[in-house]
Amino acid sequence: FKGEKETLAFFCWQDQSFTTDGWLEPRKDRALGDWAKREAFAAKKGETLLLYPQDSEPAQRLLLVGLGPKKEFTLNALREAAATAFQTGKKRFFSLWATLPDAPSSTFHPEEMAQALAEGLWLASYQFTSYRKASSEEHSLILKKMGLVATGPQEAKSLEAPIRKAQIFAEATGNARDWVNIPPSEKNPGFMISLARKISGVTVRVFHESQLRKMGMGGILGVARGSTIAPAFLHLIYKPKGSPKKRLGLAGKGVLFDSGGLSLKPAAGMEDMKMDMAGAAAVLAVLKALPKLGVHKEVHGFIPLTYNMPGGDATKPGDVLKAFNGKTIEVLNTDAEGRLILADALSFACAQKLDGLVDIATLTGAALVAVGHLMTAAMTNNPELLKGLTAASEKAGEKIWELPLPPEYRESLKSHVADLRNVPKNHEAGTILGGMFLQEFVDQTPWVHLDIAGTAWTSEGSALCPPGATGAPVRTLLEYLLH
Ligand code: BES
Ligand code: ZN
Ligand code: ZN
């Protein structure tokens, strides 16, 4: 940060008059505060004000960004404010330097605030441009340099680790966003396998169609029958240095495009269905980040990959499939395919005798109805595991809301010909019944099901994320695995 030519951002509290916190002498500080007041800047969330101090002190431009009231502060308020600062400056400033606001209470540590701030800047800069004309002006940024400014060498030192963590978290989120945003025909199982093989520090086992048949993975094979492209199943293993205390599994739904199969979706319902592998993308992105973070747990990724298409030999309503654990499933709606491939993935994962298992799936449209697009629906057989994930999700700014798995509803999954039917008899509680179906393929292993159908995708976009894939819940999982 060199002063004059630069832009310096200050994050401001709604219920407190403006101060540069020592960047300027008190007299100039007050003058700026009066100026902000005259401009009716109230420091509400999302509000910004640009000031040009006469003597370019402490910088040519000051960008004030509202954080909202101090007592309502969350790390995500800072993440969003940083993203707003980026959006304000991306086509106007060459550089943007952010000052770290004081922690509003002892529950917040400067390190995690620095991380949230840096994450906000990085996440906001995400673009998916590989399919655009290179010169497309709208997407060329002027802003080339960003950073946090410290008040002294000691603070500078303490900011290094959180900034590095923010970079890895944002990169992982960007990877997941990229993979979900890639057009569906281009991300066939072969492409996904090559992505996995490029990850360093992680062992990759690939099971192809013939092996899936030998293993009895009838769910994956049943869904893949409607497509001319063969399915695959990935088992990724990250082993930390030394002997790990915990071994955890992540299973991600990898439906590379969901047409609904013979129970075909209407055209509008299919538009965004390239996102039906967002669970798989999240698991891959997390595994790719683990070696960089030096996570101490052993982590396994389980990724079933297939298209769901209505081809000539597609699974038909009434067909019965047998999953890896031997349970049979009557398929009455081929659009409830995620649970079929996860039936195999979860029972395979449980055979690995892990200490915990989390599945991540764009499983039910009903999740969007139940908890909306800002919350992931969670179900569990182990409240302790979910508690840990929820705490991590608070820090990551990716909310989780628990739904129950009431045994009374089990009735609704009974079939006359098989052990289970893949869609409930009535149309109630779609998200819960998706979770209850999956539970049939989990043994005693502590397990959490995350239904990200509402959170993996944003049609509107926000300061933190352009329209399209969000990369949820990558940061939650990383935060959880790190602590
Ligand atoms: N991939 C969809 C769920 C989905 C819908 C995700 C909208 C994101 C946005 C899933 O495979 C599906 O089609 N589920 C059915 C289940 C039903 C047939 C029991 C659904 O939600 O309608
Ligand atoms: Zn479907
Ligand atoms: Zn699906």
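The values are calculated or read from the model by the stated rules, or taken from the named source; none is laboratory data. Since the model is a prediction, treat every value here as computed from it, not as a measurement. Positions of Cβ are generated from backbone atoms using ideal geometry, with glycine treated the same way; all protein chains shown enter the neighbour counts.
Computed values, structure above
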{"item": "Qualifying residue in segment 236-254 (condition: within 24 Å of GLN439 (Cβ to Cβ), touching a residue at least 24 places away in the same chain (Cβ under 8 Å) and within 11 Å of ligand 3 (Cβ to nearest atom))", "result": "yes"}
{"item": "Hits in segment 85-118 - residues which are assigned to a loop (DSSP other than H, G, I, E, B) and not hydroxyl-bearing (Ser, Thr, Tyr)", "result": "LYS90, LYS91, ARG92, PHE93, PHE94, LEU100, PRO101, ASP102, ALA103, PRO104, PHE108, HIS109"}
{"item": "Selection count where residues are more than 16 Å from ligand 3 (Cβ to nearest atom), of a type in the set (A, V, I, L, M, F, W, C) and under 17 Å from GLY434 (Cα atoms), scope segment 322-345", "result": "1"}
{"item": "Candidate set from segment 240-285 (those that are surrounded by fewer than 24 Cβ atoms within 10 Å (Cβ to Cβ) and among the hydroxyl-bearing types (Ser, Thr, Tyr)); member that is farthest from ligand 2 (Cβ to nearest atom)", "result": "SER243"}
{"item": "Test: residue in segment 244-255 that is within 10 Å of ligand 1 (Cβ to nearest atom) and either within 30 Å of THR334 (Cα to Cα) or touching a Pro at 6+ places or on another chain (Cβ under 7 Å) (or both)", "result": "yes"}
{"item": "Qualifying residue in segment 371-384 (condition: among the acidic types (Asp, Glu) and within 16 Å of ligand 3 (Cβ to nearest atom))", "result": "no"}
{"item": "Options VAL423, VAL358, VAL371: the member that is over 24 Å from ALA176 (Cα atoms) and among the β-branched types (Val, Ile, Thr)", "result": "VAL423"}
{"item": "Qualifying residue in segment 312-325 (condition: under 20 Å from the mean Cα position of the chain (by Cα) and either within 15 Å of ligand 1 (Cβ to nearest atom) or surrounded by fewer than 20 Cβ atoms within 10 Å (Cβ to Cβ) (or both))", "result": "no"}
{"item": "Flag if LYS327 is within 15 Å of ligand 2 (Cβ to nearest atom), more than 24 Å from ILE193 (Cα to Cα) and either modelled with pLDDT of 95 or more or of a type outside the set (Gly, Ala, Ser) (or both)", "result": "no"}
{"item": "Inter-residue pairs, beta-carbon under 6 Å, first farther than 17 Å from ALA351 by Cα and among the charged types (D, E, K, R) and in segment 210-232, second modelled with pLDDT of 95 or more and surrounded by 15 or more Cβ atoms within 10 Å (Cβ to Cβ), 6+ apart", "result": "ARG225/ALA314; ARG225/THR315"}
{"item": "Residues within segment 91-125 that are without any contact (Cβ under 8 Å) to a residue 60 or more places away in the chain, of a type outside the set (Asp, Glu) and surrounded by fewer than 18 Cβ atoms within 10 Å (Cβ to Cβ), tallied", "result": "10"}
{"item": "Boolean, LYS288 is under 26 Å from the mean Cα position of the chain (by Cα), away from ligand 3 (no atom under 15 Å from the Cβ), crowded, with 19+ Cβ neighbours inside 10 Å and among the basic types (Lys, Arg)", "result": "yes"}
{"item": "All positions within segment 338-367 that are more than 18 Å from ASP276 (Cα to Cα), out of contact with any helix residue (DSSP H, G or I) (no Cβ under 6 Å at 6 or more places or on another chain) and not hydroxyl-bearing (Ser, Thr, Tyr)", "result": "PHE348, ALA349, CYS350, ALA351, GLN352, LYS353, LEU354, ASP355"}
{"item": "Subset of segment 296-311 that is surrounded by fewer than 22 Cβ atoms within 10 Å (Cβ to Cβ) and not in a strand (DSSP E or B) - its residue that is nearest to ligand 3 (Cβ to nearest atom)", "result": "PRO310"}
{"item": "From the options VAL442, VAL417, VAL474, residue that is away from ligand 1 (no atom under 15 Å from the Cβ) and touching a strand residue (DSSP E or B) at 6+ places or on another chain (Cβ under 6 Å)", "result": "VAL417"}
{"item": "Some residue of segment 70-79 being touching a residue at least 40 places away in the same chain (Cβ under 8 Å), in contact with a helix residue (DSSP H, G or I) (Cβ under 9 Å, 6 or more places away or on another chain) and assigned to a loop (DSSP other than H, G, I, E, B)", "result": "yes"}
{"item": "Total residues in segment 28-69, condition among the charged types (D, E, K, R), in contact with a Gly (Cβ under 9 Å, 6 or more places away or on another chain) and part of a loop (DSSP other than H, G, I, E, B)", "result": "4"}
{"item": "Listing of helices (runs of 4 or more DSSP H) fully contained in segment 180-231 that carry 3 or more residues being under 23 Å from ILE452 (Cβ atoms)", "result": "189-197, 218-224"}
